[in-house]
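Remarks on the structure that follows.
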Amino acid sequence: MPPPSIRPLVALTAACLTAATGCAALGPGTAPAPGSPTRAEVEQLLGQVRVVEKRPHPGGYERGCKDGQACVFGESWTDASDAPGGRDGCDTRNNVLAAQLEGVRFRPGTRNCVVEAGGLADPYTGAHIAFDRADARAVQIDHVFPLAAAWDLGAAAWPQPRRVRFANDVTVNLVATSGAVNQAKSDGTPGEWLPPAASGHCFYAGKYLTVAVDYDLPVTAADSAALRDIAGRCR
């Protein structure tokens, strides 16, 4: 059974699985999540991104890194990348937690690397989630532009170091969120999935488009339509 801190989010997520916009009105408030872009900023990003009709499926995507697996984006949360924060002695997951949690407490003797506890103001749900390493699954790290989608839309042709950087880029592509929400999102893109709280939509749109522009990845026509709809509701 999920811990008390995320049980309401599990129920919320279950109700959101069938439609990208089905939970837009279920957020705790209408104030945009901190860091949300304005309408003009989202529209500017939309003007820079390429649009393709559909998501291709070139095949060959394999995230696993066990013997015999392709490990196409490198080891999960590796510190061995040229992404921001890379090669600092701390793995990527802990770097994200340290940057995004409030009241962070580190494990003694880890040079402020291993996050033991803190609080997350979840931009996707508007909820506050208590993080404790004893139940690390309560908070997970989302690739805003999913790795599988990136592979299909162009990353399959990238050199391995660029893919590793993409998977560990804490500045644009990684967001701490509820574990339940992250699991529900899976590799969904904006035409298929949106944050449960409407207050997180502009934040998510801005992040998704920023990744697309920074890494020259296209968005599908369905994703573009969903993002334009969001832009019209940003302040």
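Just so it is clear, none of the values below were taken in a lab; they were calculated from the coordinates. Predicted, not measured: the structure shown is a model, and the values here were computed from it. Positions of Cβ are backbone-derived with ideal geometry, glycine not excepted, and every protein chain shown enters the neighbour counts.
So how strong a dipole does the chain carry about its Cα centre when Lys and Arg Cβ are +1 and Asp and Glu Cβ are -1, to the nearest 20 debye?
Numbers: 22 positive and 24 negative charges, 43 e Å.
In debye, rounded to 20, the chain gives about 200.
Pairs of alpha-carbon atoms within less than 8 angstrom and 6+ residues apart define the contacts here; what relative contact order does the chain have, in percent?
Reported relative contact order: 33 percent.
With a/c under 1.5 counting as rounded, go ahead and sort segment 62-171 into rounded, prolate or oblate using the C-alpha gyration tensor (a ≥ b ≥ c being the square roots of the eigenvalues; past the cut-off, prolate if a/b is larger than b/c, else oblate).
Working: a/c = 2.14, a/b = 1.60, b/c = 1.34.
Prolate, because a/c is 1.5 or more and a/b exceeds b/c.
How about segment 71-143: which trypsin sites (Lys or Arg not before Pro) there lie in a loop by DSSP and see at most 13 other Cβ atoms within 10 Å?
On the way: sites: Arg87, Arg93, Arg105, Arg111, Arg133, Arg137; in loops: Arg87, Arg111.
Passing sites in segment 71-143 are Arg87, Arg111.
What do you get when you divide the Cα radius of gyration of segment 68-122 by 2.2 N^0.38 Å, with N the number of residues?
Numbers: Rg = 12.9 Å, N = 55, 2.2 N^0.38 = 10.1 Å.
Rounded to two decimals, the normalised Rg is 1.28.
Kindly identify segment 7-231 as rounded, prolate or oblate by the Cα gyration tensor criterion: order the square roots of the eigenvalues as a ≥ b ≥ c, call it rounded if a/c is under 1.5, otherwise compare a/b with b/c, prolate if a/b is larger, else oblate. If you can, show how the numbers build up before the last one.
On the way: a/c = 1.59, a/b = 1.07, b/c = 1.49.
In terms of gyration-tensor shape, oblate.
Counting only other residues whose beta carbon sits under 15 Å from that of Val170, what net charge do I get with K and R as +1, D and E as -1?
Values: positive: Arg87, Arg93, Arg165, Lys207; negative: Asp79, Asp82, Asp88, Asp91, Asp142, Asp169, Asp214.
Residues close to Val170 contribute a combined charge of -3.
Among rounded, prolate and oblate, which fits segment 150-223 when a ≥ b ≥ c are the square roots of the eigenvalues of its C-alpha gyration tensor, a/c under 1.5 means rounded, and a/b larger than b/c means prolate?
Prolate, because a/c is 1.5 or more and a/b exceeds b/c.
As I understand it, the dipole of segment 7-231 uses +1 on the Cβ of Lys and Arg and -1 on the Cβ of Asp and Glu, about the Cα centre. Which of Ala184, Val115, Val72 lies farthest toward its positive end?
Comparing the listed Cα positions along the dipole, Val115 ranks first.
Neighbour counts of other C-beta atoms within 10 Å: give me Ser178, Ser76, Ser186 arranged from fewest to most.
On the way: Ser178 29, Ser76 15, Ser186 11.
Ascending number of Cβ neighbours within 10 Å: Ser186, Ser76, Ser178.
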